[in-house]
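Participant: Have a look at the structure that comes next, please.
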Amino acid sequence: MTKMSDLQKKDLEYIFHPCSQMKDYEDLPPIVITEGKGLYLKDEFGNTYMDCVSSWWVNLFGHSNDRINKVLYDQAKSLEHVIFANFTHKPAIELGELLTEVVPKGLTKLFFTDNGASSIEVSLKLSFQYYQQAGFTKKKKFISLANGYHGETIGALAVGDVDIFTETYRPLIKESIKVQGPNCFNCPYKLNFENCDAECFIHMEKALETHHEEVAAVVVEPLVQGVAGMRIYSPKYLIKLRELTKKLNVHFIADEIAVGFGRTGKMFACEHAGISPDIMCIGKGLTSGYFPMSIVLMTEDIYKAFYADYFEGKSFLHSHSYSGNPLGCRLAVETLKIFKEENILQTIEKKGNYLRNKAIQLFKDHPNIGEYRQIGLIGAFEFVKNKETKELFPATDRVGYEIYKIALKKGALLRPLGNVIYFMPPYVITEEEIDKMLEICKESVEEYLDQRNK
Ligand SMILES: Cc1ncc(COP(=O)(O)O)c(C=O)c1O
C-alpha cells in the first residue's frame with residue numbers, strides 16, 4: 001500500500017471512481033488536483049501534469065480559461081437554471097442559432113441531454129419512434145461497427161462493442177447488429193489511405209442489404225473509433241454509408257461526441273466526407289470542458305414526425321432535470337464564438353502538422369511502435385511486441401497502464417487505451433509543450449521497456 005495524504009485517504013473512504021478497479025488505488029492513489037491552468041493540472045503536493053488527453057477529451061481551450069470563466073460567472077449571476085419544458089432562455093436560443101450555422105447542412109433542431117451516452121439513447125429512441133410513427137413497424141434494430149464505443153448506459157452499450165464495458169451486462173442488453181468495420185492498422189486488403197476505396201464497406205453493404213427492412217439506424221463514430229484506440233479510417237467509408245442508408249431508408253446517426261469541435265481538424269468529422277447525417281450527437285468539447293452537456297441534432301424531417309396534436313401521442317418523451325441548462329448553453333455559445341473569433345481551426349492545423357512531424361521523427365524505426373497515426377490534433381501510437389508481425393503485447397501485461405504510471409511521475413497525463421498511447425491535448429498547447437509531451441512519452445516508453453527486459 002502506497003503512503004497516502006489525508007485527502008487521498010478521505011477520497012477512498014467515500015468515492016467510487018469511474019473506469020477504475022478501486023484496488024489499483026492502493027498502488028496509485030487518487031491524485032488530488034487543487035488547480036488547473038491552461039495545459040496544466042497541479043496536485044496537492046505542488047506537482048504539475050500536462051493534460052495531454054484534455055481530461056477525457058473535453059477540454060478545448062485550457063483549464064480555468066479567463067474568457068470562459070467570465071461568461072460562466074456572469075451567467076450564474078443572472079440565471080443558473082430553469083425548467084426547460086414550457087420555459088426557455090436566451091443562451092439556449094443563441095446556441096440554436098450559432099450551432100445550426102456550423103453543423104452539417106440539414107441539421108436544424110437541437111435536443112438537449114446531460115452527457116454523451118444519454119444523447120446516444122435519445123438518438124436511438126428518436127429513430128425508432130420516427131419509423132414506428134411513420135408505419136415502418138418492423139424497424140426495431142440498429143446496426144453499429146465492431147470495436148465501436150458510444151457510452152456506457154444500457155442502450156449505448158447495445159450499440160457499442162468494447163467487451164470490457166459490455167460483457168457483464170450482456171443479459172440486460174438488446175444488442176445491435178455488429179458489422180466488421182475498417183481496420184486500417186491491419187488492413188485485410190493490404191491497402192492504405194492513398195489507394196483505398198473503403199473496400200471494407202462490403203460488410204456494411206451486406207448487412208444493410210440483408211436487414212434494412214428491420215433496421216432503423218446505423219450508428220458510427222465518424223472517422224475515428226476513439227476508445228478502440230484512435231483507429232482512424234477513410235472518409236470514403238462515410239460517403240458510401242451515407243449513400244446506402246439514404247437509398248435503403250435507414251437513418252445515419254453520427255456520434256461526433258469525441259471527434260466534434262475541431263479534434264480532427266474540421267469542426268465536425270463528417271465534414272471530411274462532405275456528408276450530413278440524419279441525427280448527430282455532440283458533447284464533450286461542446287462546453288469547452290466546463291459543464292456536462294450534450295446535444296442531439298436532427299433534420300427537419302425527423303422533427304416534423306413528432307409534431308402533431310397532443311392526443312395523437314407522437315410527442316418525444318425524454319427529459320432530464322438539467323435539460324438545456326443556461327450555464328451549459330452560455331458556455332457552448334462562448335465555445336463557438338472562440339472558434340470563430342480566434343481562428344481555432346487554423347491553430348489546430350498548424351499545431352497538428354508540428355505534432356505529426358515531431359512524433360514521426362521521434363519514433364521512426366522504433367521496434368515497438370507499430371504505427372503512428374494522426375488526424376487534426378489526435379495522435380496515437382500502436383505499441384506492439386513485434387513490428388513485423390504487428391503482434392500486440394498481451395492485454396494481461398497492461399502495457400499502456402504501466403507506461404501511463406511512469407509518465408505521470410514525469411509530469412504528463414497520458415492515459416492509454418489498451419496498447420495504444422494517444423495525444424489529444426487542449427488547443428492551447430504550444431510547440432514547446434508538444435516537444436515536452438513527446439519527450440516524456442518517449443522516456444516513459446523506454447523506461448517501461450528497460451524494466452520489462454531486465
Ligand atoms: C464516441 C463516444 N460516444 C459517446 C461517449 C459517451 O460520452 P459520455 O462519457 O459523456 O457519456 C464517448 C465517451 O468517451 C465517446 O467517445
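Participant: Tell me the mean residue ellipticity at 222 nm calculated for the chain from its helices only (DSSP H runs of n ≥ 4, each -39500 (n - 2.57), averaged over every residue, nearest 500). Please report the intermediate quantities before stating the final value.
Facilitator: On the way: 15 runs with 170 residues, N = 454.
Computed mean residue ellipticity for the chain: -11500 deg cm²/dmol.
Participant: Please work out the C-alpha center-to-center distance from region 337-369 to region 257-288 and express it in whole Å.
Facilitator: Spelled out, the Cα-based centre of one part sits 18 Å from the other.
Participant: Tell me, what ³J(HN,Hα) does each residue in region 104-118 have, in order and in whole Hz, if you take phi through Karplus 6.51 cos²θ - 1.76 cosθ + 1.60 with θ = phi - 60° and put x for Gly and Pro?
Facilitator: Per residue, the Karplus-derived 3J(HN,Hα) values read x, 4, x, 8, 10, 10, 10, 10, 8, 9, 9, 7, x, 4, 5 Hz.
Participant: For a test of the definition: using alpha carbon positions, the gyration tensor, and the 1.5 limit on a/c, classify the chain as rounded, prolate or oblate.
Facilitator: oblate
Participant: Filter the cross-link list 337/436; 70/90; 138/174; 364/385 down to pairs whose alpha-carbon distance in this structure exceeds 23 Å.
Facilitator: 337/436
Participant: Here is a follow-up. Could you report the accessible area of residue 26 in Å², rounded to 10, computed with a 1.4 Å probe on the protein chains as they sit in the structure?
Facilitator: The accessible area comes out at roughly 70 Å².
Participant: Step through the residues of region 255-264 one at a time and calculate ³J(HN,Hα) from phi using the Karplus curve (6.51 cos²θ - 1.76 cosθ + 1.60, θ = phi - 60°), rounding each to whole Hz and writing x for Gly and Pro.
Facilitator: Couplings: 8, 9, 4, 8, 9, x, 6, x, 4, 8 Hz.
Participant: Here is a further query. Hey, could you get me the Stokes-Einstein D for region 323-366, Kirkwood radius over alpha-carbon pairs, 20 °C and 1.002 mPa s, rounded to whole µm² s⁻¹?
Facilitator: 166
Participant: Apply the Karplus parameterisation 6.51 cos²θ - 1.76 cosθ + 1.60, with θ equal to phi minus 60°, to every residue of region 341-357 and state each ³J(HN,Hα) to the nearest whole Hz, in sequence, with x for glycine and proline.
Facilitator: 6, 10, 6, 5, 5, 5, 4, 4, 4, 5, 5, x, 4, 4, 4, 4, 4
Participant: If you take the square roots of the eigenvalues of the alpha-carbon gyration tensor of region 269-379 and sort them as a ≥ b ≥ c, do you get rounded (a/c under 1.5), prolate (a/b over b/c) or oblate? The partial results should precede the final answer.
Facilitator: Details: a/c = 2.78, a/b = 2.14, b/c = 1.30.
Here region 269-379 falls in the prolate category.
Participant: Now for a different question. Add +1 for every Lys or Arg and -1 for every Asp or Glu among the other residues with Cβ under 12 Å from the Cβ of residue 3, and state the total.
Facilitator: Every neighbour counted, the sum reads -2.
Participant: Skipping prolines and chain starts, which residues have an amide H placed within reach, meaning under 5 Å, of the one on residue 39, given they are 5 or more residues away or on another chain?
Facilitator: For residue 39, whose amide H was placed from the backbone, the distant partners under 5 Å are 63.
Participant: Let me ask something else. Sort region 295-454 into rounded, prolate or oblate with this rule: let a ≥ b ≥ c be the square roots of the eigenvalues of the Cα gyration tensor; rounded if a/c is under 1.5, and if a/c is not under 1.5, prolate when a/b is larger than b/c, oblate otherwise.
Facilitator: prolate
Participant: Starting from the amide H of residue 417, placed 1.01 Å from N in the peptide plane, find each other amide H under 5 Å away whose residue is 5 or more places distant or on another chain.
Facilitator: The list, which skips near neighbours in sequence, is 422.
Participant: By DSSP, what percent of the beta bridges with both residues in region 68-341 are antiparallel, rounded to the nearest 5?
Facilitator: Here the antiparallel bridges make up roughly 45 percent for region 68-341.
Participant: A follow-up question, please. Long-range amide H contacts for residue 294: which residues qualify at under 5 Å (H placed 1.01 Å from N, peptide plane, sequence gap of 5 or more or a different chain)?
Facilitator: Those qualifying (amide H under 5 Å, at least 5 residues apart or on another chain) are 113, 114, 115.
Participant: Measuring with a 1.4 Å probe in the full set of protein chains, what accessible area per residue, in whole Å², belongs to the chain? It would help to have the intermediate numbers written out before the result.
Facilitator: Numbers: 21470 Å² over 454 residues.
Value returned for the chain: 47 Å² of accessible area per residue.
Participant: Could you grab the relative contact order for region 68-341? Cα pairs under 8 Å, six or more apart, rounded to a whole percent.
Facilitator: About 29 percent, as a whole number.
Participant: What's the ranking of 303-310, 427-434, 175-182, 375-382 by average number of surrounding C-beta atoms within 10 Å, highest first?
Facilitator: Highest to lowest by the protection proxy: 375-382, 175-182, 427-434, 303-310.
The values are calculated or read from the model by the stated rules, or taken from the named source; none is laboratory data. Note that the coordinates shown come from a computational prediction; the quantities given were computed from them, not determined experimentally. Cβ: placed from backbone, ideal geometry, glycine included. Neighbour counts: every protein chain shown. All accessible areas refer to the heavy atoms of the entire protein, side chains included, with ligands and DNA or RNA removed. Shrake-Rupley method; radii C 1.70, N 1.55, O 1.52, S 1.80 Å.
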